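Asks: Dropping a structure here in C-alpha cells format, bear with me for questions.
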Amino acid sequence: MEITVEEQQRGELSPKSLELACQRLSEIGYVIFEQVLPCSFMEEVREAFEDKASLPEGKEQRDHFLHGPFLDPRIIDNPFALQIIESAMGPKFFSFLPYGCNETRRESRYWNNAEKQWIHRDGGHMFPELGMALPVTRIVVNIPLIDFTLENGCTEIWPGSHLIVDPVTIPETEDEVLFRDYHVCSEERGTTLPSVRMVMPAGSVVVRDMRCWHRAMPNYTDQVRPMTAMVYFHRLHNVLGNQSATERRNCGISDTVWQQFPERSQQIYRFYPIN
Ligand SMILES: O=C(O)CCC(=O)C(=O)O
C-alpha cells in the first residue's frame, strides 16, 4: 500500500486506508507500506547496526540497540504501524526494548546447514484445539534497512497462512515442541501453496501477523541484509503485571533517554526487557 502525502504530513492513515490495511492484515496476514522512512535515515540506522559488529556479543551488543537512531520515534513509535496494531488488537498492547534485528549474509546457514531458512511461523495459534484461527494477538513490524531484493534474500511469505490451523499433536520431547511451533510446514507442503517474495525498498514498513509462514532466503550479495523486528503483544499476553520504573531503568534505558520518549512509547515499552 502507499502512504499518501497527506497521510505522511498528518502522521496518520485516513479511515479508508486504515480499514484496507486492517482488512489485508486479517485476510492476507500482512500489509506493506513502501518507503515510509527516508533512505538517509535508513542509512544512518544501517551504519549504526553495522557498528555492533565491533562490540563483544551479549550485553554490549544488546545495549547498543538502546541508543541513538534505534530509538527514533519513527521506528519505535511508527504512527502508521501503531494505528493498525491498535485497531487490530485494541488498547494497552505492549512491546519490549531492545527490539530484534534480522540479518542475512552470503554465508548465513540455517538448520541442517541449509541456505534457505526453514518455513516457520514466529508465533502459534491461541487454542489451536478449536480448529479455527482466532483474532491476531501478536504482530511484528519489520523495517528493511536496505532495499530488499531477490538477490539479497528478501523474505518469502505464504499469504493467508496465518489462518491455517493444523490438528494438534501433543509433543513428547523438547525437540518436538520446537518442531510443532517452528517447523510448521515441510518443503513439500510449502510448494503446494502460493508464496511471494517481499521485494521492497529500504524504509518500508511491514505489519505482519506472527502466525504467517515465512522464511529468510539466501543472500547472494556481499552486503548484509538487515531489518528491524519489533514485536507487539495484545494485552492478554501480559503476565508481568506492573513493573516499576526502577526495574526498567536498571535494564539499560537511561532516564534522560526515557524522558524523551513520546508518551505513547512510554506506555507501549512500559515493561523492562527480558534477558
Ligand atoms: O530475515 C528474514 O527474512 C526472516 C527472518 C525470520 O523469519 C526469523 O529469523 O524468524
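A quick yes/no check of all residues on (1) loosely packed, with under 15 Cβ neighbours inside 10 Å; (2) in contact with a Phe, Trp or Tyr (Cβ under 8 Å, 6 or more places away or on another chain):
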site: 31; (1), (2): no, no
site: 56; (1), (2): yes, no
site: 84; (1), (2): no, no
site: 92; (1), (2): yes, no
site: 96; (1), (2): no, yes
site: 99; (1), (2): no, yes
site: 102; (1), (2): no, no
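Asks: Can you name the condition, by its number, that residue 153 falls short on among (1) free of Cβ contacts under 8 Å to residues at least 24 places away in the same chain; (2) touching a Pro at 6+ places or on another chain (Cβ under 7 Å); (3) small (Gly, Ala, Ser)?
Replies: Going through (1) free of Cβ contacts under 8 Å to residues at least 24 places away in the same chain; (2) touching a Pro at 6+ places or on another chain (Cβ under 7 Å); (3) small (Gly, Ala, Ser) one by one, residue 153 breaks only (1).
Asks: For the stretch 112-129, enumerate the residues that are hydrophobic (A, V, I, L, M, F, W, C) and touching a residue at least 24 places away in the same chain (Cβ under 8 Å).
Replies: First, pick out the residues of the stretch 112-129 that are hydrophobic (A, V, I, L, M, F, W, C): 114, 118-119, 126-127.
Answer for the stretch 112-129, where residues must be hydrophobic (A, V, I, L, M, F, W, C) and touching a residue at least 24 places away in the same chain (Cβ under 8 Å): 118, 119.
Asks: Which members of the stretch 131-143 meet the condition of being surrounded by fewer than 19 Cβ atoms within 10 Å (Cβ to Cβ) and touching a residue at least 24 places away in the same chain (Cβ under 8 Å)? Let's see the steps before the verdict.
Replies: Narrowing the stretch 131-143 to residues surrounded by fewer than 19 Cβ atoms within 10 Å (Cβ to Cβ): 131-135.
Once the filter is applied, which keeps residues that are surrounded by fewer than 19 Cβ atoms within 10 Å (Cβ to Cβ) and touching a residue at least 24 places away in the same chain (Cβ under 8 Å), the stretch 131-143 yields 131, 132, 133, 135.
Asks: Here's something else I'd like to know. Is it the case that residue 62 is out of contact with any Asp or Glu (no Cβ under 8 Å at 6 or more places or on another chain), at pLDDT 95 or above and of a type in the set (Lys, Arg)? So that I can check it myself, show each step before the final result.
Replies: On the way: out of contact with any Asp or Glu (no Cβ under 8 Å at 6 or more places or on another chain): yes; at pLDDT 95 or above: no; of a type in the set (Lys, Arg): yes.
Spelling it out, it is not the case that residue 62 is out of contact with any Asp or Glu (no Cβ under 8 Å at 6 or more places or on another chain), at pLDDT 95 or above and of a type in the set (Lys, Arg).
Asks: Does residue 145 satisfy the criteria of being touching a helix residue (DSSP H, G or I) at 6+ places or on another chain (Cβ under 8 Å), within 15 Å of the ligand (Cβ to nearest atom) and under 18 Å from residue 199 (Cβ atoms)?
Replies: Numbers: touching a helix residue (DSSP H, G or I) at 6+ places or on another chain (Cβ under 8 Å): yes; within 15 Å of the ligand (Cβ to nearest atom): yes; under 18 Å from residue 199 (Cβ atoms): yes.
Here the answer is yes, as residue 145 does meet what is asked.
Asks: Go through (1) within 13 Å of the ligand (Cβ to nearest atom); (2) within 30 Å of residue 38 (Cβ to Cβ) one by one and return the number of the condition residue 184 breaks.
Replies: If we test residue 184 against (1) within 13 Å of the ligand (Cβ to nearest atom); (2) within 30 Å of residue 38 (Cβ to Cβ), just (2) comes out false.
Asks: Would you pick out the residues in the stretch 191-217 that are in contact with a Phe, Trp or Tyr (Cβ under 9 Å, 6 or more places away or on another chain) and charged (D, E, K, R)?
Replies: Quick first cut of the stretch 191-217, residues in contact with a Phe, Trp or Tyr (Cβ under 9 Å, 6 or more places away or on another chain) only: 193-209, 212-216.
Selection gives 197, 208, 209, 215.
Asks: How many residues, within the stretch 80-122, are in a strand (DSSP E or B), within 30 Å of residue 14 (Cβ to Cβ) and within 16 Å of the ligand (Cβ to nearest atom)?
Replies: Within the stretch 80-122, the first condition is being in a strand (DSSP E or B), and the residues that meet it are 94, 100-104, 120.
From what is left, the residues that are within 30 Å of residue 14 (Cβ to Cβ) are 94.
Checking which are within 16 Å of the ligand (Cβ to nearest atom) leaves us with none.
Qualifying residue count, the stretch 80-122: 0.
Asks: Being farther than 30 Å from residue 12 by Cβ and within 13 Å of the ligand (Cβ to nearest atom) is the filter here, so list the residues in the stretch 198-225 that pass it. Show your work before the answer.
Replies: Filtering the stretch 198-225 down to residues farther than 30 Å from residue 12 by Cβ leaves 213, 215-225.
Those that are farther than 30 Å from residue 12 by Cβ and within 13 Å of the ligand (Cβ to nearest atom): 213, 215, 216, 217, 218, 219, 224, 225.
Asks: Then there is this: For the stretch 1-36, how many residues are part of a loop (DSSP other than H, G, I, E, B) and among the acidic types (Asp, Glu)?
Replies: Narrowing the stretch 1-36 to residues part of a loop (DSSP other than H, G, I, E, B): 1-4, 11-14, 28-29, 34-36.
Filter once more, keeping what is among the acidic types (Asp, Glu): 2, 12, 34.
Total satisfying the criteria: 3.
Asks: Another question, then. Tally up the residues in the stretch 144-164 that are part of a loop (DSSP other than H, G, I, E, B) and surrounded by 21 or more Cβ atoms within 10 Å (Cβ to Cβ), please.
Replies: At the first step, the residues of the stretch 144-164 found to be part of a loop (DSSP other than H, G, I, E, B) are 145-147, 149-155, 158-160, 164.
Pick out the ones that are also surrounded by 21 or more Cβ atoms within 10 Å (Cβ to Cβ) and you get 145, 152-155, 158.
Within the stretch 144-164, residues that are part of a loop (DSSP other than H, G, I, E, B) and surrounded by 21 or more Cβ atoms within 10 Å (Cβ to Cβ) number 6.
Asks: Sort through 24, 109, 46, 74 and tell me the only one that's closer than 24 Å to residue 147 by Cβ and exposed (fewer than 15 other Cβ atoms within 10 Å of the Cβ).
Replies: 109 is the lone residue from the list that is closer than 24 Å to residue 147 by Cβ and exposed (fewer than 15 other Cβ atoms within 10 Å of the Cβ).
For (1) polar (S, T, N, Q); (2) in contact with a helix residue (DSSP H, G or I) (Cβ under 7 Å, 6 or more places away or on another chain), each residue gets a yes or a no:
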{"site": "9", "(1), (2)": "yes, no"}
{"site": "15", "(1), (2)": "no, no"}
{"site": "18", "(1), (2)": "no, yes"}
{"site": "25", "(1), (2)": "no, yes"}
{"site": "32", "(1), (2)": "no, no"}
{"site": "35", "(1), (2)": "yes, no"}
{"site": "43", "(1), (2)": "no, no"}
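Asks: Sticking with this one: Any chance you could count how many residues in the stretch 123-138 are under 15 Å from residue 30 (Cβ atoms), under 16 Å from the mean Cα position of the chain (by Cα) and either more than 16 Å from the ligand (Cβ to nearest atom) or not in a loop (DSSP other than H, G, I, E, B) (or both)?
Replies: 2
The values are calculated or read from the model by the stated rules, or taken from the named source; none is laboratory data. Here the structure is a predicted model, which is why all the values come from computation and not from measurement. Note that we place each Cβ from the backbone using ideal geometry, even for glycine, and neighbour counts take in every protein chain shown.
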